[in-house]
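Nothing in this text is a laboratory measurement; each read-out follows from the coordinates by a stated rule. Predicted model, so just to flag it, every value in this text is computed and none were measured. Every residue, glycine among them, receives a Cβ derived from its backbone with ideal geometry; neighbour counts consider all protein chains shown.
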Amino acid sequence: MGTTLITERDGALALLTLNRPDKLNALNAELLAELDAAFEALSRDATVACAILTGAGDKAFAAGADIAAMVEMTTEQARAFSETGHRVCSRIERAPFPVIGALNGFALGGGCEIALACDFLYASEKAKLGQPEVNLGIIPGFGGTQRLARRVGIGRARELCYTGDVIGADEALRIGLVNAVVPHGELTAKVKDVATKIASKGRLAIAQCKRVVFSGEDVPLDVANALETQAFAMLFGTDDRREGMKAFLEKRKADFKGR
Ligand code: COA
């Protein structure tokens, strides 16, 4: 593996750090390939219960797709670059464990789009978010025109994509783009607390919950509800479900095994 992505494990947690701090973690082909491979591998690893995605250094989660790498791209190369970005976002979105984005600074352009593929986001008070692609004569290419609207509503998404405005963490919280804003130095600890809480639950239940929420988003409500019923019933066949209910009745903490 290269060096543009650091992947660490802390028990059931996976911590991934975008690692091009000199370039504010701008997303080039190498970093996207490493993200793709990392999520592919983690998604096959049943010991992962939750992942955290953040950026190296003190300034950025990721300040966008790498403009230096894009400057000479042909239309065909741009198409392939966009498809790679989409594949990475899709892997994050479909990973069988929650992925929490810890936005430690700029999350712009492709950086904001990778963040939007995460299940939910916590931001440092220093974070700045936006889709400034129109300033470069392009549009978001890793799903920003679609996922931003799904997260914050179509009016606000249009406004951000058309103006290229960069907003601060408090405004991002106000419009529902991030779930919480925390002091810069407390971001990692706060996100780890939430990830650890999630990891203490039945992993199979969390995976099904993520799958059903995601799969149900763009289908009619009755179809989405049928997906929920199917997953709900399926979980009754698991040891975790038996353990969870038994532990409640025995007034003790459940010991989930992910089976
Ligand atoms: N692509 C490539 N390189 C980038 C980059 C990007 N998206 N964003 C930052 N960098 C590089 C800078 O070129 C600079 O490299 P250098 O030191 O070799 O010159 C380095 O990262 C530090 O960035 P700098 O601009 O000096 O930091 P700053 O604090 O003055 O400004 C930003 C920070 C985020 C406001 C500014 O870097 C910026 O506007 N970046 C582009 C944002 C963008 O348009 N993203 C969408 C791309 S589709």
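Do we have any residue at all in segment 23-42 that's surrounded by fewer than 15 Cβ atoms within 10 Å (Cβ to Cβ) and farther than 22 Å from S82 by Cα?
No, the conditions are met nowhere in segment 23-42.
Please specify each residue of segment 61-77 satisfying the condition of being in a helix (DSSP H, G or I) and within 11 Å of the ligand (Cβ to nearest atom).
Across segment 61-77, the qualifying residues are I67, A68, A69, M70.
Applying the selection to segment 5-33, what residues are within 16 Å of the ligand (Cβ to nearest atom) and either within 22 Å of A199 (Cα to Cα) or not in a helix (DSSP H, G or I) (or both)?
Correct list: L18, N19, R20, L24, N25, A26, L27, N28.
Given the criteria exposed (fewer than 15 other Cβ atoms within 10 Å of the Cβ), under 21 Å from V134 (Cα atoms) and among the polar types (S, T, N, Q), does T74 qualify?
Yes; evaluated as a whole, the condition is true for this residue.
Just checking, which of D36, D58 is acidic (D, E), within 16 Å of the ligand (Cβ to nearest atom) and out of contact with any strand residue (DSSP E or B) (no Cβ under 6 Å at 6 or more places or on another chain)?
Just a single option satisfies the conditions, and that option is D58.
Assess whether L129 counts as being touching a residue at least 40 places away in the same chain (Cβ under 8 Å) and of a type outside the set (F, W, Y).
So L129 fits the description; yes.
From A41, A80, which residue is under 26 Å from S200 (Cβ atoms), in a helix (DSSP H, G or I), without any contact (Cβ under 8 Å) to a residue 24 or more places away in the chain and more than 15 Å from the ligand (Cβ to nearest atom)?
A41
Can you tell me which condition E113 does not meet? The list is (1) over 30 Å from R242 (Cβ atoms); (2) surrounded by fewer than 24 Cβ atoms within 10 Å (Cβ to Cβ), and all the others hold.
(2)
Counting just the residues of segment 116-129 that are under 12 Å from A169 (Cβ atoms) and of a type outside the set (A, V, I, L, M), which one comes out surrounded by the fewest Cβ atoms within 10 Å (Cβ to Cβ)?
Restricting attention to segment 116-129, the residues satisfying the condition of being under 12 Å from A169 (Cβ atoms) are 121-129.
Next, only the ones that are of a type outside the set (A, V, I, L, M) stay: 122, 124-126, 128.
Working: Y122: 26, S124: 24, E125: 15, K126: 18, K128: 22.
Top of the filtered list is E125.
Spot the failing condition for T145; the list is (1) touching a residue at least 24 places away in the same chain (Cβ under 8 Å); (2) part of a helix (DSSP H, G or I); (3) of a type in the set (S, T, Y), and only one is missed.
Checking T145 against (1) touching a residue at least 24 places away in the same chain (Cβ under 8 Å); (2) part of a helix (DSSP H, G or I); (3) of a type in the set (S, T, Y), the one that fails is (1).
Name the helices (runs of 4 or more DSSP H) wholly within segment 150-238 that hold at least 1 residues that are out of contact with any Asp or Glu (no Cβ under 9 Å at 6 or more places or on another chain), within 30 Å of A63 (Cβ to Cβ) and of a type outside the set (G, A, S)?
Those helices (runs of 4 or more DSSP H) span 154-163, 169-174, 187-199.
Scan segment 148-166 residue by residue and report those that are within 16 Å of C118 (Cα to Cα), surrounded by 16 or more Cβ atoms within 10 Å (Cβ to Cβ) and either among the aliphatic types (A, V, I, L, M) or touching a residue at least 60 places away in the same chain (Cβ under 8 Å) (or both).
L148, A149, V152
Any residue that is closer than 18 Å to A102 by Cβ, small (G, A, S) and without any contact (Cβ under 8 Å) to a residue 24 or more places away in the chain - is there at least one of those in segment 210-232?
No, the conditions are met nowhere in segment 210-232.
Working carefully through the options P132, P98, find the one that is in contact with a strand residue (DSSP E or B) (Cβ under 9 Å, 6 or more places away or on another chain) and near the ligand (Cβ under 8 Å from one of its atoms).
Of the residues listed, the single one that is in contact with a strand residue (DSSP E or B) (Cβ under 9 Å, 6 or more places away or on another chain) and near the ligand (Cβ under 8 Å from one of its atoms) is P132.
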